Amino acid sequence: MKIKSDDFRVREGKDVNLKKWPTRVKPYYNSEKQLKKILRDRVEEMSDLQSVLYASNQYSVLFIFQAMDAAGKDSAIKHVMSGVNPQGCQVFSFKHPSLEELDHDFLWRTTRSLPERGRIGIFNRSYYEEVLIVRVHLELLRAEGVPNGAVGDKIWQERYRSIRDLEAHLHRNGTRIVKFFLHISKEEQRKRFLARIDEPDKNWKFSLADVEERKLWKDYMKAYEACLSATSTRHSPWYVVPADDKKNTRMIISQIILDTMRGLKMEYPKLSAEQLKELRLVRKLLAK
């Protein structure tokens, strides 16, 4: 069954109701063997496209991953981007802001990490935290020192506008942005938390705070719905990726990434007649 990226894309101007978006879909592979081959082939093509991206030096690509805890962001990035040249790709994970970052506007710390032309950037969490976790935990907003009176609903609309303006500016200047929301069910998260507790290689990830955040699930879903509705645009879309099946999640993400890279229609630079003449001269010198 062919994956259609558009099936997971949030249309610009459409209100998102996450209850209507599935957290699990029918697998896009028939066996483990087939899955590994498909992902291997996609990783190889992704590596080839990255080489052309670097050589053409016209575009940069930014992939943003947002999700609830245990949705599989880390593993998705690890598996899907496994064949990409580390020199042409950078992954940034944004945790709690430092004191220095809190003294700047909410876009400052991530803007410093945007990918250069010819490169791929990956944000594991991003400036979207400022309209998600901060919206759920208003005490974080107050800690940012926003001007008096700017803590009402108006601030979220203003931040959505700032984000849209930034992404439109980046698109005009050659940065293509694709945003993934890994959509996990509350029950699947519970199962993964239990697995973290029982497995030594995972339990270091778990803390009591994760359980406390689960109590705010409805608040988070409302924040995500508002965010996805307000900031998915034609040029910088959001994709709601079912995340209850990690293997299927990786299949969907890899297809969307490939579709994005192919859509740039890149090619290696063509040499001018003068450059070709110079290469022939170099060949003669080396042949001697």
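None of the figures in this text is laboratory data; all of them are computed from the coordinates on show. Model, not experiment: these values are computed from the prediction. Here Cβ is always computed from backbone atoms with ideal geometry, including for glycine, and neighbour counts include all displayed protein chains.
Using DSSP, restrict attention to beta bridges with both residues in segment 5-287 and report what percent are antiparallel, rounded to the nearest 5.
Counting DSSP beta bridges with both partners in segment 5-287, the antiparallel share is about 5 percent.
Give me the net charge for the shell around residue 45: Cβ to Cβ below 12 angstrom, other residues only, Lys and Arg +1, Asp and Glu -1.
Values: positive: 40, 42, 262; negative: 41, 44, 48, 259.
Once positives and negatives cancel, what remains is -1.
Might you report the magnitude of the Cβ-based charge dipole of segment 5-287 about its Cα centre, with Lys and Arg at +1 and Asp and Glu at -1, to the nearest 20 debye?
940 debye
Towards the positive end of the charge dipole of segment 5-287, with charges on Cβ (+1 Lys, Arg; -1 Asp, Glu), say which of 258, 30, 163 has the farthest Cα.
Working it through, the farthest residue towards the positive pole turns out to be 30.
Note the direction-averaged projected area, equal to a quarter of the hull surface, for the Cα convex hull of the chain, in nm².
Numbers: hull surface 79.3 nm².
Average projection, Cα convex hull of the chain: 19.8 nm².
Which of 78/191; 78/215; 14/36 have a Cα-Cα distance over 32 Å?
14/36
Contact order normalised by length for segment 5-287, with contacts defined as Cα pairs under 8 Å and 6 or more residues apart; what percent is it?
RCO, segment 5-287: 35 percent.
Can you give the helix-only mean residue ellipticity at 222 nm for the chain, where every DSSP H stretch with n ≥ 4 adds -39500 (n - 2.57) and the sum goes over all residues, rounded to the nearest 500 deg cm²/dmol?
Working: 12 runs with 138 residues, N = 288.
Rounded to the nearest 500, the figure is -14500 deg cm²/dmol.
Can you list the residues, at least 5 places off or on another chain, whose amide H is less than 5 Å from the amide H of residue 177, using H built in the peptide plane?
Here the answer is 62, since their amide H atoms fall under 5 Å of that of residue 177.
Mind ranking 174-187, 35-48 by how tightly packed they are, going by the mean number of other C-beta atoms within 10 angstrom, highest first?
Final packing ranking: 174-187, 35-48.
Straight-line reach from residue 33: which lysines fall under 18 Å, measuring Cα to Cα and dropping same-chain residues less than 8 apart?
Output for residue 33: 2, 246, 247.
Roughly how big is segment 107-155's charge dipole about its Cα centre, with Cβ charges of +1 (Lys, Arg) and -1 (Asp, Glu), in debye to the nearest 20?
220 debye
Around residue 88, with a cut-off of 14 angstrom between Cβ atoms, what is the net charge of the other residues, counting Lys and Arg +1 and Asp and Glu -1?
After counting each charged neighbour, the total is 0.
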